[in-house]
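**Q** Submitted below is the structure of interest, expressed as structure tokens.
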Amino acid sequence: MNEGQAHIVIVDDEAPIRTLLRNCFEQEGYRVSEAASGAELLKLVNGGNVDLITLDLTLGSESGLEIARNLRAGSQIPIIMVTGKGDVIDRVVGLEIGADDYIAKPFHLREMLARVRTVLRRTGSQTEERTAGPATELIYRFDDWEFNLTRRELREPGGKLCQLTTAEIDLLAVLVKRPGHVLSRDAIMDQLKGHDWAANDRAIDSQISRLRKKLGGGSETSSLIKTIRGVGYSFTAKVTKS
């Protein structure tokens, strides 16, 4: 994917904000569509070729969190949530649902662009890496799981593809590269460049919880990621790299 040709959908029920963001994104060479509701977003997503969604969580009578939850149930399109400055709980819930990043109002357009570029860069590198030959692939194996970092795919024991968000893939990459090491939240955040996750807003804990659930086959816990009380987390599985 050419980042400059990416298709961004702006979801906001305030037309002036949609216009402001549209002008900003189009000046950077992005293709832009607008949606004022969940129904309008769904039509655009069903039409295909959507690369990123900016989603305001306050959409009048609609819940942006519910829209994100419904979208994530059938799609892995990256989502940047737009929240109120003090809406910490909404941010945490949004990340638990599977959003890739968030930005709080009021925001600077330059900051929004930086976040968009970061998420698209991760998504774009995933697309480019899928075209690489097998010799270039970097694969981590643990407890019969296979994590292909080049393709950014995680396969369960038995070979079924496990659906992860881009944020969850980045987090798993940090963990599998340092098996047995105790990583503090600060250390994890330092590795997750491009994510604006404050240590006290539970965002890292929320992502760990989601990843544990997926690694645990739907259970809320997974023995693969151990909590070190008062310190951080440790990936306990034996990892081999090829």
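**Q** Among the residues of region 146-176 satisfying the criterion of being among the basic types (Lys, Arg) and either assigned by TED's automatic domain parsing to the domain that holds Val88 or at pLDDT below 90 (or both), which is surrounded by the fewest Cβ atoms within 10 Å (Cβ to Cβ)? Step through it out loud before you land on a result.
**A** From region 146-176, those among the basic types (Lys, Arg) are 151-152, 155, 160; that's our starting set.
Pick out the ones that are also either assigned by TED's automatic domain parsing to the domain that holds Val88 or at pLDDT below 90 (or both) and you get 151-152.
Details: Arg151: 15, Arg152: 20.
Taking the candidates together, the pick is Arg151.
**Q** Kindly check whether there is at least one residue in region 196-207 that is of a type in the set (Phe, Trp, Tyr), surrounded by 13 or more Cβ atoms within 10 Å (Cβ to Cβ) and modelled with pLDDT of 75 or more. Spell out the reasoning first.
**A** Here is the first cut: in region 196-207, the ones of a type in the set (Phe, Trp, Tyr) are 197.
Retained after the next criterion (residues that are surrounded by 13 or more Cβ atoms within 10 Å (Cβ to Cβ)): 197.
Those left that are additionally modelled with pLDDT of 75 or more: none.
No; the residues of region 196-207 include none that is of a type in the set (Phe, Trp, Tyr), surrounded by 13 or more Cβ atoms within 10 Å (Cβ to Cβ) and modelled with pLDDT of 75 or more.
**Q** Taking the condition of being touching a His at 6+ places or on another chain (Cβ under 9 Å) and at pLDDT below 85, how many residues in region 117-130 meet it?
**A** First, pick out the residues of region 117-130 that are touching a His at 6+ places or on another chain (Cβ under 9 Å): 118.
Retained after the next criterion (residues that are at pLDDT below 85): none.
Residues flagged as touching a His at 6+ places or on another chain (Cβ under 9 Å) and at pLDDT below 85 within region 117-130 amount to 0.
**Q** If you go through region 228-242, how many residues are closer than 16 Å to Lys177 by Cα and assigned to a loop (DSSP other than H, G, I, E, B)?
**A** 5
**Q** Would you pick out the residues in region 208-231 that are surrounded by fewer than 12 Cβ atoms within 10 Å (Cβ to Cβ) and at pLDDT below 85?
**A** Scanning region 208-231 gives Gly217, Gly218, Ser219, Glu220, Gly230.
**Q** Shifting gears a bit: Quick test of your reading of the structure: Asp13 fulfils all but one of (1) closer than 19 Å to Ala167 by Cα; (2) assigned to a loop (DSSP other than H, G, I, E, B). Name the failing condition by number.
**A** (1)
**Q** I've got another one for you. Please verify whether Ile8 is crowded, with 21+ Cβ neighbours inside 10 Å and within 15 Å of Gly74 (Cα to Cα), treating the condition exactly as stated.
**A** On the way: crowded, with 21+ Cβ neighbours inside 10 Å: yes; within 15 Å of Gly74 (Cα to Cα): no.
It is false that Ile8 is crowded, with 21+ Cβ neighbours inside 10 Å and within 15 Å of Gly74 (Cα to Cα).
**Q** To continue, here is another question. Could you please find all residues in region 131-145 being at pLDDT below 85 and either closer than 21 Å to Ile225 by Cα or loosely packed, with under 13 Cβ neighbours inside 10 Å (or both)?
**A** From region 131-145, those at pLDDT below 85 are 131-137; that's our starting set.
Selection gives Thr131, Ala132, Gly133, Pro134, Ala135, Thr136.
**Q** Just checking, which of Ala73, Ala68 is among the hydrophobic types (A, V, I, L, M, F, W, C), assigned to a helix (DSSP H, G or I) and at pLDDT 90 or above? Show your work before the answer.
**A** Numbers: Ala73 fails: at pLDDT 90 or above.
The match here is Ala68.
**Q** Hey, any hits in region 14-29 for a residue that's under 19 Å from Gly98 (Cα atoms) and either of a type in the set (A, V, I, L, M) or in contact with a Leu (Cβ under 9 Å, 6 or more places away or on another chain) (or both)? So that I can check it myself, show each step before the final result.
**A** Filtering region 14-29 down to residues under 19 Å from Gly98 (Cα atoms) leaves none.
No.
**Q** If you don't mind, another one. Here are some conditions: (1) under 23 Å from Ile208 (Cβ atoms); (2) in a helix (DSSP H, G or I). Ile103 meets all but one. Which one does it not meet?
**A** (2)
**Q** Still on this structure: Take the residues in region 27-54 that are assigned to a strand (DSSP E or B) and in contact (Cβ under 8 Å) with a residue 40 or more places away in the chain; name whichever of them is farthest from Val11 (Cα to Cα).
**A** Filtering region 27-54 for residues assigned to a strand (DSSP E or B) gives 31-35, 52-54.
Filter once more, keeping what is in contact (Cβ under 8 Å) with a residue 40 or more places away in the chain: 52-54.
Values: Leu52: 11, Ile53: 7, Thr54: 6 Å.
The extreme case among them is Leu52.
Quick grid of which residues meet (1) out of contact with any helix residue (DSSP H, G or I) (no Cβ under 7 Å at 6 or more places or on another chain); (2) modelled with pLDDT under 90:
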position: Met1; (1), (2): no, yes
position: Gly4; (1), (2): yes, yes
position: Arg31; (1), (2): no, no
position: Glu34; (1), (2): no, no
position: Lys43; (1), (2): yes, no
position: Val50; (1), (2): no, no
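The values are calculated or read from the model by the stated rules, or taken from the named source; none is laboratory data. The structure presented is a predicted model; accordingly, all values stated were derived computationally and were not measured. So basically every Cβ, Gly included, is an ideal-geometry build from the backbone, and we count neighbours across all protein chains shown.
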